[in-house]
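Below is one structure, written out as structure tokens; the observations come after it.
No value in this document is a laboratory result; all are computed from the given coordinates. Every value quoted in this text rests on a predicted model; they were computed, and no experiment measured them. FYI the Cβ positions are ideal-geometry reconstructions off the backbone, even for glycines, and counts take in every protein chain you see.
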Amino acid sequence: MNILLTGHTRWIWKYLFDRLKHQYNIVGLSRQNGFDLTKKSTFDKILSFVWAKKFDGIILNAWVGYFWKFESIELEKYEEIINLNLLANIRILKVLQFNIYSKTKIIFIGSIIGKKFLKYGAVYQASKFGLRWLAWWLKAEWKKVFIVNPKIVDTDFHWDLQINPNWAKTSLDDIWNTIENILLWKEKRFEIDL
Ligand SMILES: NC(=O)c1ccc[n+]([C@@H]2O[C@H](COP(=O)([O-])OP(=O)(O)OC[C@H]3O[C@@H](n4cnc5c(N)ncnc54)[C@H](OP(=O)(O)O)[C@@H]3O)[C@@H](O)[C@H]2O)c1
């Protein structure tokens with residue numbers, strides 16, 4: 001099986017990449033291997049990189065988040081959030097539309113934050129909310145579309161946030177099991193809240 005995964009170099013997806021790579025042919029895209037998904041020019045490069053490969057799974061995970069009071073964060077940072085978390089996914093699916101076939105599963109990594117209020121995260125939250133509706137409508141057209149919404153995962157992004165330590169968490173194994181079940185056709189739900 002061929003799997004394409006964005007943002008495979010850190011935390012959740014580094015862990016999952018290390019597990020997936022033993023079972024699947026996996027193409028990772030992130031800045032560390034030369035694919036800055038906030039740059040328009042990257043998308044032509046992706047096409048020549050993957051060429052005619054048919055993908056069984058496309059996992060759209062790369063993200064960025066800046067959190068604080070709305071007026072304290074520069075517009076450029078907000079643009080980066082929307083560019084990476086939302087627009088880059090639309091661009092990838094456009095350039096890969098001929099690499100998608102009847103069995104391709106498209107898996108968006110959303111967040112519980114697309115559904116629930118988070119203080120100091122307006123634009124991040126907007127990006128995940130947008131992703132949810134993008135996934136929803138693509139599901140209506142393409143059927144094999146999924147969105148996985150983790151809660152807080154033990155990573156570094158929220159260390160400077162005032163996250164309540166009592167907030168429920170999602171484990172890496174929960175995420176792994178969900179992804180594996182989708183890839184193996186065992187998971188039928190469109191939206192999986194973890
Ligand atoms: N952590 C949580 O608590 C949590 C909770 C709910 C949902 N999520 C979601 O889970 C996913 C992964 O979260 P994470 O905490 O594992 O993320 P992370 O550790 O911050 O990793 C982000 C990944 O995105 C890549 N990336 C960042 N900017 C990029 C760019 N311009 N172009 C290409 N790739 C870029 C990074 O690779 P490079 O630096 O090499 O580019 C990295 O591999 C995200 O979609 C996040 O919204 C996380």
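Fewest-first ordering of Ser48, Ser171, Ser127 by other beta carbons within 10 Å of each residue's beta carbon gives Ser48, Ser171, Ser127. Sorting Thr170, Thr9 by the number of Cβ atoms found within 10 Å of their own Cβ, with the fewest placed first, yields Thr9, Thr170. In terms of surrounding Cβ atoms within a 10 Å radius of their Cβ, His8, His22 rank from fewest to most as His22, His8. With the largest listed first and rounded to whole Å, the semi-axes of the equivalent ellipsoid of the chain from the Cα gyration tensor are 25, 20, 16. Its DSSP H runs of at least 4 residues, each contributing -39,500 (n - 2.57), put the calculated 222 nm mean residue ellipticity of the chain at -10500 deg cm²/dmol, to the nearest 500.
Under a GNM of the chain (C-alpha, springs under 10 Å), which listed residue has the highest mean-square fluctuation: Asn177, Asn85, Asn61? Sorting by GNM fluctuation, first place goes to Asn177.
Toward the positive end of the charge dipole of the chain, about the Cα centre and with charges on Cβ (Lys, Arg +1; Asp, Glu -1), which of Phe67, Tyr101, Leu84 goes farthest? Farthest towards the positive end: Tyr101.
Segment 121-143 and segment 1-54 have Cα centres spaced 21 Å apart. Here the contact order of the chain, divided by its residue count and restricted to Cα pairs under 8 Å and six or more residues apart, works out to 20 percent.
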